[in-house]
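All remarks here apply to the structure that follows.
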Amino acid sequence: MFSILVLHGPNLNLLGQREPGIYGSLTLEAIDRQLEEAAAVLQVTVSSLQSNHEGFLVDAIHDALEQYHGILINAGAYTHTSIALRDAIAAVALPTVEVHLSNIYRREPFRHHSYIAPVAIGQISGFGADSYRLGLHALVHHLKQLELSTG
Ligand code: DQA
């Protein structure tokens, strides 16, 4: 059974009340619940962490090495600023899928660049809370393919 670490970056604790026209009305707890339901169907486990602090997220990525098969991450604004998060993902080399609620390419130019994208398997952006579910499916599919190819 695969275990997946779900990381939520800064300001995502305010989902539900934060700019609902952009990010939707679901709370982070509701998104995590949806992910747990999807994980049960996929027969994997998910553990979610949220932090507003870059270093905490870096530590969580390091700690994932011992415990998880893959990472699903919405790094929030750190997506566009954090070389440290990118380096942490590259360092642990765990398969990682990047997700965003909003379509970052339809928004301000400063959101068009992701430091995470080059070290991720792929990115899902713009499907609201469904981005997380789609990202989980993509990650689990990738892990299964990897398992098949490596035996
Ligand atoms: C976000 C997009 C980022 O640009 C923004 O800073 C966020 C949320 C999203 O999920 O759409 O905090 O990652």
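The values are calculated or read from the model by the stated rules, or taken from the named source; none is laboratory data. Treat the numbers as computed from the prediction; the structure is a model and nothing was measured. All Cβ positions, glycine included, derive from the backbone under ideal geometry; neighbour counts span all protein chains shown. These accessible areas exclude ligands, DNA and RNA; they are computed on the full protein's heavy atoms, side chains included. Shrake-Rupley method; radii C 1.70, N 1.55, O 1.52, S 1.80 Å.
Brief remarks follow.
- Taking all protein chains together and rolling a 1.4 Å probe, LEU134 ends up with roughly 80 Å² accessible.
- Test item: Cα-centred dipole of the chain, Lys/Arg +1 and Asp/Glu -1 on Cβ, debye: 420
- Accessible-area value, TYR132, 1.4 Å probe, nucleic acids and ligands omitted, Å²: 0
- Å² of accessible area per residue within the range 1-76, as computed with a 1.4 Å probe and no ligands counted: 49
- Distant alpha-carbon pairs in the range 8-48 (separation over 14 angstrom), percent: 50
- Accessible area (Å², per residue) of the range 109-151, counting only protein heavy atoms and a probe of 1.4 Å: 58
- Cα gyration tensor shape of the range 87-130, rounded if a/c is under 1.5, else prolate or oblate by comparing a/b with b/c: oblate
- Overall form of the range 39-91 per C-alpha gyration tensor (a/c, 1.5; a/b vs b/c): prolate
- One quarter of the surface of the convex hull around the alpha-carbon atoms of the range 68-151 equals 5.4 nm², the direction-averaged projected area.
- Per-atom-type breakdown for the chain gives carbon and sulfur 53% of the accessible area (1.4 Å probe, protein chains only).
- Overall Cα dimensions of the chain - principal axes, largest extent first, Å: 45, 32, 25
- Semi-axes of the equivalent ellipsoid for the range 67-107, Cα gyration tensor, largest first, Å: 20, 13, 7
- Across the chain, Cα pairs under 8 Å and at least six residues apart give a relative contact order of 26 percent.
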